[in-house]
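For reference, the structure discussed in these notes is given below.
The values are calculated or read from the model by the stated rules, or taken from the named source; none is laboratory data. Predicted model only: the values in this text are computed from it and were never measured. Here the Cβ positions follow ideal geometry from the backbone for every residue, glycine too, while neighbour counts run over all protein chains shown. Remember, those area values only see protein heavy atoms, side chains included, never the ligands or the DNA or RNA. Shrake-Rupley method; radii C 1.70, N 1.55, O 1.52, S 1.80 Å.
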Amino acid sequence: LNGLGVILRLQGEHDQAREYHEQALSIRERALGREHPETAWCLHHLGMVWRAQGEYERARECHEQALGIRERTLGREHLDTAWSMHNMGVMHRLQGDHTRARSYHEQALAVRERAFGLEHRDTARSLYQLGLVLYAQGAAVESLDRLRRALAIFELRLGRDHPETRATQQRLVALPNSLG
């Protein structure tokens, strides 16, 4: 059910995706309990659907629950916990709380750098998101540094034509123009 929900979300079928994720969450809560890491994955995916639908408060609540479960069951240094930190950072950025967003992205980045190293795709994702937050906070030089680092990793790992690489290139082109 979770897998079908992910596919439907990626195809833009958000209502149907949400139904599958809610079913999966219900089953996992009954079978494994509310504090199981697999239950957290259901919350993660449900939060992604709510975010795609612009329901930021509902999305943040799902990601917050997932983070709590992962911190209690897996610890703060686990990669799944880093995913939840990343999602919380995205949600706080989208809701305009850049201070909290920055804290979550810095934590996720630190875990990912220790686990994966400096040139991993997920490390680049954290650098990218941190770059967006830094820019929103007025730290343009630091922002550009993080975005350039993310771009270098995306180009190395994914190639120049990958959507994440292109999105980062476009963001880098747009930011200096808005610096005046």
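Annotations for the structure displayed:
- Per residue, the stretch 1-118 exposes 49 Å² of accessible surface when a 1.4 Å probe is rolled over the protein heavy atoms with every protein chain present.
- Axis of helix 163-179 versus longest Cα principal axis of the chain: the two differ by about 50°, to the nearest ten degrees.
- Dipole of the chain [Lys/Arg +1, Asp/Glu -1 at C-beta], most positive-end residue of THR99, PHE154, TYR20: PHE154
- Three-way shape label, the chain, alpha-carbon gyration tensor, a/c 1.5: prolate
- Between the stretch 129-151 and the stretch 1-67, the alpha-carbon center distance in angstrom: 29
- Listed residue (TRP83, ALA174, GLY5) projecting farthest to the positive dipole end of the chain, Cβ model: ALA174
- Element breakdown for the chain at a 1.4 angstrom probe: carbon and sulfur atoms account for 48% of the accessible area.
- Among ARG9, ARG160, the order of accessible area from largest down is ARG160, ARG9, computed with a 1.4 Å probe on protein heavy atoms.
- Ordered by 1.4 Å accessible area with all protein chains kept, ASP145, ASP122, ASP15 run largest first as ASP15, ASP145, ASP122.
- Ellipticity estimate at 222 nm from DSSP helix runs (n ≥ 4, -39,500 (n - 2.57)) divided over the chain, nearest 500: -27500 deg cm²/dmol
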